[in-house]
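Here the structure is laid out as structure tokens; the discussion comes afterwards.
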Amino acid sequence: MDKKQLVIIGGGPAGLAAAIYAGRSDLDGMLLEKLSPGGQVLITDRVDNYPGFPEGISGFDLVDKMAAHARKFGIEEKNGEVVSITRQDDSSLKINLAGDEEILTRTIIIATGATHRALGVKGEEELTGRGVSYCATCDGPFFRDQVVAVVGGGDSAVQEAIFLTKFAKKVYVIHRRDELRATKILQKKAMENPLIEFIWDSIVEEIMGSDSVEAVRILNKKSGAKSTLAVQGVFIFVGIQPNTKFLRGFVDMDQGGFIKTDDWMRTSEKGVYAAGDCRLKPLLQIVTAVSDGATAAFAVEHDLS
Ligand code: NAP
């Protein structure tokens, strides 16, 4: 079996940036992606803080450009789902794919990103797709002139709450503290929006509805008061978890499954690098994912030579 010099697992901004740098360095590389490139950014309505786009750009358009850029430098693409990675006797790495396919390579960049975290309350799983959503860009238009709740207080919750006011007639943001985690500029925009109302110090205990969402049961943590809020949609943005399950026990991670690396993106396993939202770092943004991808590809080239 042919041995690649580099396989990049995941085609979000980190993986695509790594592919651009690897392609320009003439590495014999492959980009392995479950479906099509893009990652989480694909479902981001508007990206306002990526340098070079002062008017903002849709997440879809941004990753589309990144993918076209990577293709220009000749990266080989393959679809497949990685089940595990194992070390061979000759020190090369074997990527085991679903369907018993295997790829041999000298180095790997893990750029598998992260996915949304669930709230874990009664009614959430049953009503997902029937009023419960984790993607405002995908499902927002279904809630025209309706009342929706957003759960969370980070950048995602606040940004998507603002986006939802394009469709919904009222957007409640339910946050478990009395202070948002989101950046100040987003906070200001949301506070000034007359269609957004904040419900502070509160958690959603249950999402109710028979065929679709009808209400949420809320507990105010400070007063202990319980109430029911009639809504037709619930958008949950309570953080993300890294897509690193298939690597458990293979590379060092923190308790949450974020991969530990050095400044060169090297993991605890020789020849394995990590980049983007799956990596343990202080700022999870497109711009830092892209930076990680470039650094990882540079480190691969350096270490191979
Ligand atoms: P996040 O920053 O981790 O925020 C998660 C929010 O959910 C927090 O407000 C947290 O409350 C709340 N939360 C967590 N668990 C909860 C639970 N069980 N019940 C109720 N609330 C809960 O996650 P994120 O907003 O998805 O953002 C992830 C990363 O992407 C961040 O680094 C963010 O900056 C970045 N991002 C950036 C942009 C942008 O720049 N435009 C847009 C989206 C995301 P506490 O505050 O009390 O912990």
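Worth pointing out:
- When the criteria are applied in full, Ser291 fails the requirement of being at pLDDT below 95 and farther than 30 Å from His175 by Cα.
- Within segment 64-92, the residues that satisfy the criterion of being assigned to a strand (DSSP E or B) and not β-branched (Val, Ile, Thr) are Glu76, Glu77, Lys78, Asn79, Ser84, Arg87.
- Considering segment 138-163, and only residues there that are away from the ligand (no atom under 14 Å from the Cβ) and hydrophobic (A, V, I, L, M, F, W, C), the residue that is surrounded by the fewest Cβ atoms within 10 Å (Cβ to Cβ) turns out to be Cys138.
- Any hit, segment 26-38, residues being within 15 Å of the ligand (Cβ to nearest atom) and closer than 25 Å to Leu186 by Cβ: no
- Subset of segment 168-195 [open to solvent by 30 Å² or more (accessible area, probe 1.4 Å), closer than 15 Å to Gly239 by Cβ and within 21 Å of the chain's Cα centre (by Cα)]: Arg181
- Any hit, segment 93-111, residues being assigned to a strand (DSSP E or B), within 11 Å of the ligand (Cβ to nearest atom) and either open to solvent by 40 Å² or more (accessible area, probe 1.4 Å) or closer than 22 Å to Leu229 by Cα (or both): no
- Residue match in segment 9-16 (condition: away from the ligand (no atom under 16 Å from the Cβ), in contact (Cβ under 8 Å) with a residue 40 or more places away in the chain, open to solvent by 30 Å² or more (accessible area, probe 1.4 Å) and closer than 23 Å to His302 by Cβ): no
- Selection over segment 233-282 of residues that are free of Cβ contacts under 8 Å to residues at least 60 places away in the same chain, under 20 Å from the mean Cα position of the chain (by Cα) and farther than 22 Å from Ile20 by Cβ gives a count of 11.
- Index of the failed condition, Thr137 passing every other in (1) within 22 Å of Gly39 (Cβ to Cβ); (2) β-branched (Val, Ile, Thr); (3) in contact with a Leu (Cβ under 8 Å, 6 or more places away or on another chain): (3)
- Verdict on Arg46 being open to solvent by 40 Å² or more (accessible area, probe 1.4 Å) and modelled with pLDDT of 90 or more: no
- Qualifying positions in segment 112-137 - open to solvent by 10 Å² or more (accessible area, probe 1.4 Å), touching a helix residue (DSSP H, G or I) at 6+ places or on another chain (Cβ under 7 Å) and either closer than 28 Å to Val83 by Cα or assigned to a loop (DSSP other than H, G, I, E, B) (or both): Gly113, Cys135
- Filtered residues of segment 138-158 (kept if part of a loop (DSSP other than H, G, I, E, B) and more than 27 Å from Leu284 (Cβ to Cβ)): Arg144, Asp145, Gln146
The values are calculated or read from the model by the stated rules, or taken from the named source; none is laboratory data. Just so we're clear, the structure is a prediction, and the values are computed from it rather than from any experiment. Positions of Cβ are backbone-derived with ideal geometry, glycine not excepted, and every protein chain shown enters the neighbour counts. Accessible surface is based on the protein model in full, side chains and every heavy atom, while ligands, DNA and RNA are left aside. Shrake-Rupley method; radii C 1.70, N 1.55, O 1.52, S 1.80 Å.
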